[in-house]
1. Has the stretch 11-25 got at least one residue that is more than 28 Å from ILE190 (Cβ to Cβ) and in contact with a His (Cβ under 7 Å, 6 or more places away or on another chain)?
2. Mind counting the residues in the stretch 141-170 that are part of a loop (DSSP other than H, G, I, E, B) and either farther than 27 Å from MET48 by Cβ or out of contact with any helix residue (DSSP H, G or I) (no Cβ under 6 Å at 6 or more places or on another chain) (or both)?
3. Anything in the stretch 111-144 that is under 21 Å from ALA98 (Cβ atoms) and in contact with a Ser or Thr (Cβ under 6 Å, 6 or more places away or on another chain)? List them, or say none.
4. Taking TRP171 and the conditions (1) closer than 22 Å to SER103 by Cα; (2) of a type in the set (Phe, Trp, Tyr); (3) surrounded by fewer than 20 Cβ atoms within 10 Å (Cβ to Cβ), which numbered condition does it fall short on, given that it satisfies the others?
5. Among the residues of the stretch 120-132, is there at least one that is in a loop (DSSP other than H, G, I, E, B), farther than 25 Å from VAL163 by Cα and either over 18 Å from the mean Cα position of the chain (by Cα) or not assigned by TED's automatic domain parsing to the domain that holds GLU29 (or both)?
6. At least 1 residues that are farther than 28 Å from GLU118 by Cβ and outside the structural domain of ALA148 (by TED's automatic domain parsing) in each: list the helices (runs of 4 or more DSSP H) lying fully within the stretch 1-101 that qualify.
7. Give the residue, chosen from ASN90, ASN101, ASN86, that is of a type outside the set (Phe, Trp, Tyr) and closer than 12 Å to ILE190 by Cα.
8. Could you check the stretch 142-166 and list, in sequence order, the residues that are surrounded by fewer than 14 Cβ atoms within 10 Å (Cβ to Cβ) and either over 21 Å from ALA109 (Cβ atoms) or outside the structural domain of ILE190 (by TED's automatic domain parsing) (or both)?
Amino acid sequence: MRFMLGFLCHPSMESSYAIFHGTLYKLSEQNFVSCSFLQGNLGCNGGMYGRAWNYAKTHAIESEASYPYTSGTTMKSGSCLYNSANGVMNTTSFTTVATDNASIMTAIAQQPVSVAIEADTAYFQTYTSGVLTDAAACGTTLDHAVVAVGYGTDPSTGPYYLVRNSWSASWGDQGYVKIGQAPAPGVCGINQDVMWVTVPAI
């Protein structure tokens, strides 16, 4: 399984650091996309959380300001132009969360977590409001990384996860989607690959 590289890594890192250290950094997506090939990632062709976070253990990630995102325009991974002098944040460890909803909610209560979903269906892509609850319509073949930032209960459809997507605020409900809770693999496969990351003080 490979997911969109830049977004899948940095929101969890940014959130973890902000929660525990009080400063919110905007990390460079391009740093991950262009530079974590040695860990097994494939730039614009996708990557995985753990591989990118392994890269960040030994390479403090630059800010978006010092290493701006270009792949969205060029559609190319680009050469690695990493400058260690501009690095602002490492990772120390990351943890895989069990696939049951109680464990996932416990993790989210501590900090936002990276999750993977199937996002290539019309059911998901045309979402505008409410809660996605049709597991069959959404599918469970993981192809897209997002960030679960909260959870709640809808009076009509029951418990859900609040998920931040990477398709700008014009998509979904101002960039967010509510995905219903169900036994693993979960609606849109959301229970299958849940991870949270730890970052140190700098």
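The values are calculated or read from the model by the stated rules, or taken from the named source; none is laboratory data. Note that this is a predicted model, so its numbers are computed, not measured. So basically every Cβ, Gly included, is an ideal-geometry build from the backbone, and we count neighbours across all protein chains shown.
1. No: the stretch 11-25 contains no residue that is more than 28 Å from ILE190 (Cβ to Cβ) and in contact with a His (Cβ under 7 Å, 6 or more places away or on another chain).
2. Residues of the stretch 141-170 that are part of a loop (DSSP other than H, G, I, E, B), as a first pass: 141-143, 155-157, 165-170.
Imposing the further condition that a residue be either farther than 27 Å from MET48 by Cβ or out of contact with any helix residue (DSSP H, G or I) (no Cβ under 6 Å at 6 or more places or on another chain) (or both) reduces the set to 141, 143, 155-157, 165, 167-170.
Count: 10.
3. GLN111, PRO112, SER114, GLU118
4. (1)
5. Looking only at the stretch 120-132, we keep the residues that are in a loop (DSSP other than H, G, I, E, B), and these are 120-121, 126-130.
Remaining after also requiring farther than 25 Å from VAL163 by Cα: none.
Taking every residue of the stretch 120-132 in turn, none turns out to be in a loop (DSSP other than H, G, I, E, B), farther than 25 Å from VAL163 by Cα and either over 18 Å from the mean Cα position of the chain (by Cα) or not assigned by TED's automatic domain parsing to the domain that holds GLU29 (or both).
6. Numbers: elements: 5-21, 29-35, 49-58, 71-74.
Because the criterion is at least 1 residues that are farther than 28 Å from GLU118 by Cβ and outside the structural domain of ALA148 (by TED's automatic domain parsing), the helices (runs of 4 or more DSSP H) in the stretch 1-101 that meet it are 5-21, 49-58.
7. Values: ASN90 fails: closer than 12 Å to ILE190 by Cα; ASN86 fails: closer than 12 Å to ILE190 by Cα.
Going through ASN90, ASN101, ASN86 in turn, just one is of a type outside the set (Phe, Trp, Tyr) and closer than 12 Å to ILE190 by Cα: ASN101.
8. The initial filter retains those residues of the stretch 142-166 that are surrounded by fewer than 14 Cβ atoms within 10 Å (Cβ to Cβ), namely 152-156, 158.
Within the stretch 142-166, PRO155, SER156 qualify.
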